[in-house]
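Worksheet: the structure to be examined is printed underneath.
All of the numbers you see were taken from the coordinates with simple rules; none came from a lab. Not measured: the values here are computed from a predicted model. Counting neighbours? That spans all protein chains shown, and the Cβs are built from the backbone with ideal geometry, glycine included.
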Amino acid sequence: MTSIRRRILFRLVAAAMAIHLCPVTARATETETKAVSPVETDATSHSGLEMRALTEEARQYCVNVRDVAADARYAWQKSTLEALDKRLAERIADLEAKRAEYEAWLKKRQDFLAAARDDVVAIYAKMRPEAAAGQLTSLDDEMAAAVLARLNARASSAILNEMDPARASQLATTLAGMTELSAKGDTP
């Protein structure tokens, strides 16, 4: 990251020098020209000519570097935009994968709830809690949890109360797993 910052800083300094150096040297030349006295000796005239030549060289350098600096800035901006575009595409792909995972989980959950058909749930809802508990104990965990999930809370709690505590705990865990996202995606 530091090398990128160094490159950015170098390019900014080069661009700033190219933009700001030329007008400053041109203004400095104008003020120096005005400051020179009408009576010039050979020594002052010679240094004035050297100064004008140096100023002209600096101006020419600025003109020559301006296009190169602009090209370098555009190339840097293009590469930065391409890198950002690549990161954005990767992030979009990650989000699409997560969305697909959530859709699969939702489908699995809906299938789980659909396993307990309405007619079966209605039968268990009309049974006494102790009889329903005996019947649900003989079912597999997923089917029993699906039936309990479709029953109202009062009937479910009465049935769980009549069950063996270990089996009731197992079914409650399955019910809780049905409503939470698992990290593995194994539980609906």
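Points to keep in mind about this one:
- Computed from the C-beta positions of T137 and K98 and an R0 of 35 Å, the FRET efficiency is 0.40 to the nearest 0.05.
- Chain lengthening between K107 and K78 when straightened (0.36 nm per residue, less Cα-Cα): 6.1 nm
- Computed 3J(HN,Hα) for segment 87-100, one whole-Hz value per residue from the Karplus formula 6.51 cos²θ - 1.76 cosθ + 1.60 where θ = phi - 60°, is 5, 5, 5, 5, 5, 5, 4, 4, 5, 5, 5, 5, 4, 5, glycine and proline marked x.
- Label point distance in nm, D119-E57, each placed 7 Å from Cα along Cα→Cβ: 10.1
- Karplus-based coupling profile of segment 147-157, in residue order and whole Hz: 5, 4, 5, 7, 6, 6, 4, 5, 5, 4, 5, with θ = phi - 60° in 6.51 cos²θ - 1.76 cosθ + 1.60 and x standing for Gly or Pro.
- R0 of 45 Å, Cβ-Cβ distance M127-E90: FRET efficiency to nearest 0.05: 0.25
- Put the Cα centre of segment 61-100 next to the Cα centre of segment 117-182 and the gap is 57 Å.
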